[in-house]
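Enquirer: Take a look at the following structure, please.
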Amino acid sequence: MIDLSAYTDNPDINLSPGAASDTLVLSMGPQHPSTHGVLRVMLKLDGETVVEAEPELGFLHTGIEKQAENLFWQQAVTVVDRADYLAPLSNSLCYVLAAERLLGIDNVPKRAQVQRVIFTELTRIASHLVWLGTHAIDLGAMSNFFYAFEMRERILRIMEFVTGARMHQSWFRIGGVALDVPKGFLALLDEFIVAFPPRLADLRAILEGNVIMMDRLVGVGTIDATDAIAWGLTGPSLRATGVAYDVRKAFPYSGYDEYDFEVPTHDGGDCYSRFLVRVREMHEAWRIIKQARERFPGGPVTIDDRKIVSPPKTEIQHSMEALIHHFKLVSSGFNIPEGHIYNCVESPRGELGMYVTSAGGNKPWRVRWRPPSFYNLQALKRLAPGNLIADVVAIIGSLDPVFGEVDR
Amino acid sequence: MEVSPHHPFITTKLDEFVRWAQTSSIWPMTMGLACCAIEMMSIVSPRYDVSRFGAEKFSSSPRQSDLMIVSGRVANKMVPVIKQLFEQMPDPKWVISMGACASSGGVFDNYAVVPCDTFLPVDVYVPGCPPSPDALIYGIMQIRKQIEAGGKREVLVARA
Amino acid sequence: MPETVHPHPDRATTAGLMPALELAAGEGLLEAASLDDMDEAAILPGALHAAVETLRSFGFMHLLDVGGTDHLPLTPRFEVSYHFATIDPMRRDPKAPVSRFRLRVFPQDQDPVVPSLTKYWPSADWAEREVYDLFGVRFDGHPDLKRILMPDDWEGHPLRKDYPLRGTRQNFVPGGRVGPIPPTRD
């Protein structure tokens, strides 16, 4: 007889002979190729079917919110970028808009607004390309990963040309953008605008309507609209249940109400619907970039307030007053009057909100993130049970969480 | 290594032969934590193609990898996990600390981020936030140089 | 043209909201305001459930966010902020107006306790655990209130204003070695 006494104390191991269902607790992660980051999901399995899924977070907690409380308003743009690391400029945009509203700035120049829109939409396409590549490779379609990343390299090359950094550009500033785009930017952007649609068509031809993708994604992780709202979903995951809520249309910012674009929705509520919504969003983002390129206006890229935005370098070298402004801004920043505001933007993952509280000083008092992935990921508890383990991978991929913003 | 012109033989030392094999097939483990992980994924992409150097096989299992690239900020909760994974890797193993956050805490000088050299023996530090894929490939080249210069130990060691 | 344009909130459905809230919250209503981004009300924890039921009856079915703030050295010290939005499951027009509302709950005691909203919204689960983890505000009625972002054996609540930025232990490595850098080669 085998001595099983070592196992009988463990509550997770059920040794009763002939029991109808023994559940196994499996820890998936935090190091796992398909969890898109550091996520541990404690899966309770009955054979291959998931009975209960409890995600565990915190493996990437960086204290970004506390770090932002210890940096000047303009300096905090650098740490804010690093939360949602696939779409850094969305985070920046949300924070910068919140600070501008607290300051009461409403005259950011047109050129800066158009540049903000172009770069945010480029970031959206880049983020969706990473999602597409990794989601497809999780399901076994390896070639898409290479096509998607090659396209992303073009976008990152444009970013590097303008801002100097591929990721974490920290290019938006309170009052405009850091520097104007260099010569040659419009030519690069035109090249991208021409090159993107055929590649998107390629990616869609491989995956959309593909028998294997549909087998893996249709009917998996289904949620209806009422449940989606109860679980706090936003973004493509909510639009895949049919609810047409997009912050760019509901609460327009940066001139989004002047662009002609659609908000793709789908009625299925399953992984395939989320997939379709995101792929269509890439096309809509491309359309916005095209329209923004056509209306690329001239003019300054920052507001004229020397107390907020540093004067140009050429002037600092000649004028004492400009030098003093620059010195004051670098050594002690500027104060934002007391108040609090909730500002949201549409990040590729959903509604990214920031509840910024100012106590009147030169540092933020509190920057509370409303991370879309945090709430989207919580829905895993509702979506995973009843599916197979392999479906959990598909569901996590279709929710598209980024752990930098889940854990902050 | 000498190739004799008249007979189909190659003469070399066993150490050199093993080091040649090690440098040509460094298999990284996917320790992708944060933003640096995306740049780590980009080295496999066509533009930076790390499979020229034999390192494109990212094995998720630590049992079958030689190189741990700690890419991203290490939070407190993740430290025991990384230590366990490092101990599961078979010898000889190397560690690249990729990015500013893994090397020293980076932008985040606070309670939550731990530099990875406080609990792992690091061979190469790659600075950057995030380092571009070129920089990471350069880091892998440095590991190759370290292996060629002497490696982790001699191949044939009398074990007690 | 202004940088951010917010369409006029749908005052039609929220026209009766403030009086209804005042009625429901009664003594618990500290202050009500109408700010640039949305209306808000500051209430005591005891009035939270009544206020939430009023909001739900006006169509605020989406809980956007639960967040915490530490206002040290002011009292009351802690604030738990709730944001709601009227997003309707049958919403098909992206341009249809959406109303938002903010509730700011100020627990008055040194050991703050706030009623939990998990019975109305399953999404409040993790958000309340995070506020507990980072601020120490406990939620009464939460099914499983434990730390979510910090390790389970962490002491202290990091986002409080009296918690130092660098933490209470330098180079804290749980279960690991704190000392000289280990050698890199055999």
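The values are calculated or read from the model by the stated rules, or taken from the named source; none is laboratory data. Fair warning: this is a prediction, and the values are worked out from it, not measured in the lab. Here the Cβ positions follow ideal geometry from the backbone for every residue, glycine too, while neighbour counts run over all protein chains shown.
Enquirer: So, in the stretch C:96-124, exactly how many residues are away from chain A (no Cβ under 14 Å) and over 19 Å from residue C:46 (Cβ atoms)?
Expert: Total satisfying the criteria: 0.
Enquirer: Within the stretch A:382-400, how many residues are assigned to a loop (DSSP other than H, G, I, E, B) and either surrounded by 24 or more Cβ atoms within 10 Å (Cβ to Cβ) or of a type in the set (D, E, K, R) (or both)?
Expert: Count: 2.
Enquirer: Filter the stretch B:60-85 for residues that are touching a strand residue (DSSP E or B) at 6+ places or on another chain (Cβ under 6 Å) and farther than 25 Å from residue A:83 by Cα and give the result.
Expert: Residues of the stretch B:60-85 that are touching a strand residue (DSSP E or B) at 6+ places or on another chain (Cβ under 6 Å), as a first pass: B:62, B:65, B:67-71, B:73.
Correct list: B:62, B:65, B:67.
Enquirer: Of the residues A:60, A:71, which is surrounded by fewer than 24 Cβ atoms within 10 Å (Cβ to Cβ), within 10 Å of chain B (Cβ to nearest Cβ) and either touching a residue at least 24 places away in the same chain (Cβ under 8 Å) or over 16 Å from residue B:111 (Cβ atoms) (or both)?
Expert: Within the list A:60, A:71, the selection yields A:71.
Enquirer: Consider residue B:50 carefully, then state whether it is touching a residue at least 24 places away in the same chain (Cβ under 8 Å) and surrounded by fewer than 24 Cβ atoms within 10 Å (Cβ to Cβ).
Expert: Against the criterion (touching a residue at least 24 places away in the same chain (Cβ under 8 Å) and surrounded by fewer than 24 Cβ atoms within 10 Å (Cβ to Cβ)), residue B:50 qualifies.
Enquirer: I'd like the full set of residues that are hydroxyl-bearing (Ser, Thr, Tyr) and either touching a strand residue (DSSP E or B) at 6+ places or on another chain (Cβ under 8 Å) or within 7 Å of chain A (Cβ to nearest Cβ) (or both), limited to the stretch C:69-95.
Expert: Across the stretch C:69-95, the qualifying residues are C:69, C:81, C:82, C:86.
Enquirer: Across the stretch A:351-381, what is the total count of residues that are within 24 Å of residue A:55 (Cβ to Cβ) and in a loop (DSSP other than H, G, I, E, B)?
Expert: 2
Enquirer: Please find, within the stretch C:30-46, the residue that is nearest to the other protein chains (Cβ to nearest Cβ) out of those that are more than 21 Å from residue A:354 (Cβ to Cβ) and at pLDDT 85 or above.
Expert: So the residue we want is C:43.
Enquirer: Could you look through the stretch A:185-241, keep only residues that are among the β-branched types (Val, Ile, Thr) and assigned to a loop (DSSP other than H, G, I, E, B), and pick out the one that is surrounded by the fewest Cβ atoms within 10 Å (Cβ to Cβ)?
Expert: Step by step, filter the stretch A:185-241, then rank; the result is A:218.
Enquirer: Exactly one condition in (1) away from chain B (no Cβ under 13 Å); (2) closer than 27 Å to residue A:358 by Cα; (3) buried (at least 18 other Cβ atoms within 10 Å of the Cβ) is not met by residue A:115; state its number.
Expert: Of everything listed in (1) away from chain B (no Cβ under 13 Å); (2) closer than 27 Å to residue A:358 by Cα; (3) buried (at least 18 other Cβ atoms within 10 Å of the Cβ), residue A:115 misses just condition (2).
Enquirer: Any residue at all in the stretch C:50-65 that's closer than 28 Å to residue A:248 by Cα, β-branched (Val, Ile, Thr) and either without any contact (Cβ under 8 Å) to a residue 60 or more places away in the chain or in a strand (DSSP E or B) (or both)?
Expert: Among the residues of the stretch C:50-65, not one is closer than 28 Å to residue A:248 by Cα, β-branched (Val, Ile, Thr) and either without any contact (Cβ under 8 Å) to a residue 60 or more places away in the chain or in a strand (DSSP E or B) (or both), which makes the answer no.
Enquirer: Those residues that are of a type outside the set (Val, Ile, Thr), in contact with a Phe, Trp or Tyr (Cβ under 7 Å, 6 or more places away or on another chain) and not in a helix (DSSP H, G or I), I need them from the stretch A:284-323; list them, please.
Expert: Within the stretch A:284-323, just A:307 meets the criteria.
Enquirer: Would you be able to tell me the number of residues in the stretch A:242-283 that are within 20 Å of residue A:222 (Cα to Cα), of a type outside the set (A, V, I, L, M) and in a helix (DSSP H, G or I)?
Expert: Count: 7.
Enquirer: Could you please let me know if residue A:162 is of a type in the set (A, V, I, L, M, F, W, C) and under 20 Å from residue A:117 (Cβ atoms)?
Expert: Details: of a type in the set (A, V, I, L, M, F, W, C): yes; under 20 Å from residue A:117 (Cβ atoms): yes.
In short, yes.
Enquirer: If I go through the stretch C:125-158 residue by residue, how many of them are touching a helix residue (DSSP H, G or I) at 6+ places or on another chain (Cβ under 7 Å), buried (at least 17 other Cβ atoms within 10 Å of the Cβ) and more than 10 Å from chain B (Cβ to nearest Cβ)?
Expert: 8
Enquirer: While we're looking at this one, here's another question. Among A:200, A:186, which is within 30 Å of residue A:391 (Cβ to Cβ), at pLDDT 90 or above, out of contact with any Pro (no Cβ under 9 Å at 6 or more places or on another chain) and away from every other protein chain (no Cβ under 14 Å)?
Expert: A:200
Enquirer: Looking at the structure I just gave you, is residue C:88 in contact (Cβ under 8 Å) with a residue 24 or more places away in the chain, surrounded by fewer than 20 Cβ atoms within 10 Å (Cβ to Cβ) and acidic (Asp, Glu)?
Expert: Judged against the criteria, residue C:88 is a match.
Enquirer: Within the stretch C:126-169, can you find the residues that are of a type outside the set (Lys, Arg) and in a strand (DSSP E or B)?
Expert: The answer is C:139, C:140.
Enquirer: Hey, another quick one. Applying the selection to the stretch C:66-122, what residues are assigned to a strand (DSSP E or B) and of a type in the set (Val, Ile, Thr)? Write out each step before concluding.
Expert: Keep residues of the stretch C:66-122 that are assigned to a strand (DSSP E or B), which gives C:66-70, C:78-85, C:100-105, C:113-115.
Once the filter is applied, which keeps residues that are assigned to a strand (DSSP E or B) and of a type in the set (Val, Ile, Thr), the stretch C:66-122 yields C:66, C:69, C:80, C:105, C:113, C:114.
Enquirer: Check the stretch A:178-191 and report whether any residue there is within 19 Å of residue A:91 (Cα to Cα) and over 19 Å from the mean Cα position of the chain (by Cα).
Expert: yes
Enquirer: Can you tell me which residue among A:390, A:359 is more than 28 Å from residue A:103 (Cβ to Cβ) and either in contact with a Gly (Cβ under 8 Å, 6 or more places away or on another chain) or not basic (Lys, Arg) (or both)?
Expert: It is A:390.
Enquirer: Check residue A:370 against each of (1) out of contact with any Gly (no Cβ under 8 Å at 6 or more places or on another chain); (2) modelled with pLDDT of 90 or more and name the one condition it does not meet.
Expert: Evaluating residue A:370 over (1) out of contact with any Gly (no Cβ under 8 Å at 6 or more places or on another chain); (2) modelled with pLDDT of 90 or more leaves (1) as the failure.
Enquirer: Just checking, how many residues over the stretch B:26-40 are more than 7 Å from every other protein chain (Cβ to nearest Cβ) and aliphatic (A, V, I, L, M)?
Expert: 4
Enquirer: Looking only at residues in the stretch A:27-55 that are assigned to a strand (DSSP E or B) and without any contact (Cβ under 8 Å) to a residue 40 or more places away in the chain, which one is farthest from residue C:151 (Cα to Cα)?
Expert: By that ranking, first place goes to A:46.
Enquirer: Is it the case, given these coordinates, that residue C:65 is at negative phi, crowded, with 17+ Cβ neighbours inside 10 Å, acidic (Asp, Glu) and modelled with pLDDT of 85 or more?
Expert: Criteria met by residue C:65.
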